[in-house]
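I have placed the structure first, in the form of structure tokens, so that the comments after it can refer back to it.
Taken together, the values in this text are just the output of simple stated rules run on the coordinates, not laboratory data. This structure is a prediction, so every number in the text was calculated from the model and none was measured. Reconstructed Cβ throughout: ideal geometry from the backbone, glycine too, with neighbour counts over all protein chains shown.
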Amino acid sequence: MTVHSSISSLYHGNAMPAQILSGREAADALLATLKPKVKKLDPKLVVVQVGNDPASASYIKQKFKSCEAVSMRSSHIHLPEETKLETLMDIVMKLNGDPDVTGFIVQVPLPPSLQSHIPEIVRAIDPKKDIDGFGAYNLGKMFLSVEFEHLPPATPGGIVVLLEHYKIPVKGRHVVVVGRSNTVGKPIAVMLLNRDATVTVCHHHTKNLAALTRQADILIVAVGKAGLITGDMVKEGVVVIDVGMNKTEKGLVGDCDFDSVAAKASAITPVPGGVGPMTVASLIRNCVRAKERQIAGGK
Ligand code: NAP
């Protein structure tokens, strides 16, 4: 196993092993519910990739694999590294106007020359087809209540499904989110607030991070720093969702020092195999939802 050591190391103080929250299992369950809908609605997902970022290539492969798993139509527009903004915007406009395309994403990161243009590229995507849920319209709707979370950002959407799959209640519980990105930290905080959790959000400028993480019933870490959260920073019985993905000599690891945190946790996501598969399955769900709403004539 590349992720963590043997199951015996997962025993915390009560001599109970931390439950491993398998994103693969929960993602398979979600995809199984989507398959009949895909058959009925026949949506199509498009991924636009610019350049050859190796991590992106691997994420895109996962996305197409999940499309195949539910027999969803998909296509890949792969543009060269030196693609100009005008060309990319032109493609976005064509995809917006193509009735055969249900939803599309522009895979990030973009090459350096385009990276600073991400906000205007995201703004140009038709909210009806914004299956990444990164645009202001879909983010704004998500703010209102659970009923308006039609196209939430894929990772937070996946985390909510993961918690539901493992029947982990959030109502009235103290959730501490570390990280406040627009794609993970902020939206998961809002989605769990919508579900009656009490939410604390921490970031770079948070003073005494450990004093806050120790209060968490559910700790969600989305920072991108291997080993940021250690066992002494969590309380016994905490549920830990580790979103981080960091390449190290030991392979891909999360933001938590897995062994010391799992020794105290009641449940924890592995990296890889935790949040990653949920993000992909949640993107597929957004594409199905987008099709349902397009048929119904709503945004
Ligand atoms: P991001 O945009 O770089 O945001 C990182 C956040 O962490 C920022 O809000 C930053 O605070 C905060 N932060 C940095 N250092 C900190 C510290 N020492 N203490 C507390 N907070 C700190 O990253 P992201 O896009 O949210 O991604 C976070 C991680 O999740 C990355 O490893 C990424 O690869 C991974 N990820 C995984 C998936 C998946 O599907 N598994 C999906 C998305 C992202 P400031 O705002 O103050 O700078």
Shape of segment 96-147, Cα gyration tensor, a/c cut at 1.5 | oblate
Rounded to the nearest 0.05, FRET efficiency between residue 299 and residue 68 (Cβ-Cβ, R0 30 Å) equals 0.55
For the table 39/84; 35/250; 37/186; 129/167; 171/264, the rows whose alpha-carbon distance is greater than 25 Å are 39/84; 35/250; 37/186; 129/167
Quick one: grab the alpha carbon gyration tensor of segment 21-115, order the square roots of its eigenvalues as a ≥ b ≥ c, and give me rounded if a/c is under 1.5, else prolate or oblate depending on whether a/b is larger than b/c.
-> oblate
Computed over segment 158-244: relative contact order in percent, which uses C-alpha pairs under 8 Å that are six or more apart = 30 percent
Of the residues 244, 224, 67, the Cα lying farthest along the dipole of the chain towards its positive end, which is defined by charges on the beta carbon of Lys, Arg, Asp and Glu, belongs to 67
Got a sec to turn the phi values of segment 195-209 into Karplus ³J(HN,Hα) couplings, 6.51 cos²θ - 1.76 cosθ + 1.60 with θ = phi - 60°, whole Hz, x for Gly and Pro?
-> 9, 6, 7, 9, 10, 10, 10, 10, 8, 3, 8, 5, 8, 6, 3
Between segment 162-233 and segment 94-133, how many Å separate their Cα centres?
-> 28 Å
Shape of the chain, Cα gyration tensor, a/c cut at 1.5 | prolate
Sorted by chain and number, the residues with a modelled amide H under 5 Å from that of residue 44, at a separation of 5 or more or across chains, are 102, 103
Using label points projected 7 Å from each Cα along Cα→Cβ, tell me how many nm separate residue 182 and residue 259, to one decimal.
-> 4.0 nm
Want the number for residue 39 to residue 208: 0.36 nm per residue separation, take away the alpha-carbon distance, what's left?
-> 55.8 nm
Between residue 292 and residue 215, what FRET efficiency comes out of the Förster formula 1/(1 + (r/R0)^6) with R0 = 35 Å and r the beta carbon distance, rounded to 0.05?
-> 0.35
Label model pair residue 87, residue 124: point-to-point distance (7 angstrom along the Cα→beta-carbon line) in nm is 1.3 nm
Using +1 on the beta carbon of Lys and Arg, -1 on that of Asp and Glu, and nothing else charged, what's the dipole of the chain about the Cα centre, debye to 20?
-> 660 debye
Using modelled amide H (1.01 Å from N, peptide plane; none on Pro or chain starts), what sits under 5 Å from the amide H of residue 200, excluding residues fewer than 5 places away?
-> 175, 176, 177
Computed over the chain: relative contact order in percent, which uses C-alpha pairs under 8 Å that are six or more apart | 25 percent
